[in-house]
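See structure below.
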Amino acid sequence: MTKLSATIAILAALACAAGAYYWAHGPGAFGRVSKASQPTTLATHALATDKAAEPFAPPALSRTIEPGDRAAPADASAPLHSGEVLEFAADVANLSNVANLRLQIVDRRDFFGKSAWHLQAFARTENPLRMIFELDDQFDSYSDATTLSSLQYEMHLNERGEKQDSIQRMTTTSTERAAANATQTRVAPGTRDPLGLMQYLRTVDWAKIHEVRGPVYDGHKLYDVSARLDGPAQNVTVPAGSFSASKIEVRVFDAGAELKDAHFALYLASNTSRTPVLLEAVMPFATARVALVKIK
């Protein structure tokens, strides 16, 4: 899996740019779907060092929240509600609706003795792309109800007729229990999976905190992600309507080095749910716009 494709996998949770990525490269660029890595000890994230954090220091009046900082935010579950379903459509370059994404918060439940959100995402390509690259993927996350750190991450992939399943039980101590069909994967404390990351960004009070950062495991590899408020709220129009929204710049780091050839922006509505309404992805091969179509 290349750096860029893994990065897109991370941001699939933010709005499913993955489907657009598959289309942009064409069917010949893809072989078998990458299988999830075996259990491994993941190094502590590089952004903990002063040297790595320096290039994107927050504005003077903002606070920066590191993973594990218990001050952020006091009630992380406030914007999240069981049963929420958000539907998105992806446009790539000059083509409209090449893929769709459904994000949903299934419920809040007990997960091996911990209160957790069950989060889901479904990605599907649409015609004419579907005639070339058929994709029907499902992602499930069980994320800590307070911190949104990952407890278990599942990928159920069905791409061009090939089905692969990966269930990874996240552990920081190797003592967490895992079901018989799950693989234990050791991660750094505070690590989120892609779905947990997207929902976590909704819990941040961007009026008070201008930057958050921490490790994200995409099912294959550990990355560091910085999310930073980019200016005041602005008006954003998508198929679901017009919203006042905060623009959040998302930057991805691999082994301490920023991936310079891809830029992402997430727009969160200025409502109590901080609803994600738009993702913009600018990459060397294409520009993608993933917009909210419906709220259920």
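Per-structure values
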| quantity | calculated |
| --- | --- |
| Selection status of residue 88, surrounded by fewer than 14 Cβ atoms within 10 Å (Cβ to Cβ) and touching a residue at least 60 places away in the same chain (Cβ under 8 Å) | no |
| Restricting segment 115-137 to residues that are farther than 25 Å from residue 188 by Cβ and within 19 Å of the chain's Cα centre (by Cα), the residue that is surrounded by the fewest Cβ atoms within 10 Å (Cβ to Cβ) | 136 |
| Residue in segment 280-295 that is buried (at least 17 other Cβ atoms within 10 Å of the Cβ), in a strand (DSSP E or B) and in contact with a Cys (Cβ under 8 Å, 6 or more places away or on another chain) present | yes |
| Residue match in segment 170-185 (condition: closer than 27 Å to residue 277 by Cβ, among the hydrophobic types (A, V, I, L, M, F, W, C) and touching a residue at least 24 places away in the same chain (Cβ under 8 Å)) | no |
| Subset of segment 112-136 [small (Gly, Ala, Ser) and without any contact (Cβ under 8 Å) to a residue 24 or more places away in the chain] | 113 |
| Residues being crowded, with 19+ Cβ neighbours inside 10 Å, farther than 13 Å from residue 201 by Cβ and not aliphatic (A, V, I, L, M) - total across segment 236-250 | 1 |
| Segment 240-265, subset touching a residue at least 60 places away in the same chain (Cβ under 8 Å), not aromatic (Phe, Trp, Tyr) and not in a loop (DSSP other than H, G, I, E, B), residue nearest to residue 293 (Cα to Cα) | 250 |
| Those residues of segment 219-244 which are on the phi > 0 side of the Ramachandran plot and either of a type in the set (D, E, K, R) or out of contact with any Asp or Glu (no Cβ under 9 Å at 6 or more places or on another chain) (or both), in sequence order | 231, 241 |
| Some residue of segment 174-182 being charged (D, E, K, R) and touching a strand residue (DSSP E or B) at 6+ places or on another chain (Cβ under 7 Å) | yes |
| Per-region count, segment 254-274, residues surrounded by 21 or more Cβ atoms within 10 Å (Cβ to Cβ) and at pLDDT 90 or above | 5 |
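The values are calculated or read from the model by the stated rules, or taken from the named source; none is laboratory data. All figures in this text were calculated on a predicted structure; none of them were measured in a lab. Cβ atoms come from the backbone with ideal geometry, glycine included; neighbour counts cover every protein chain shown.
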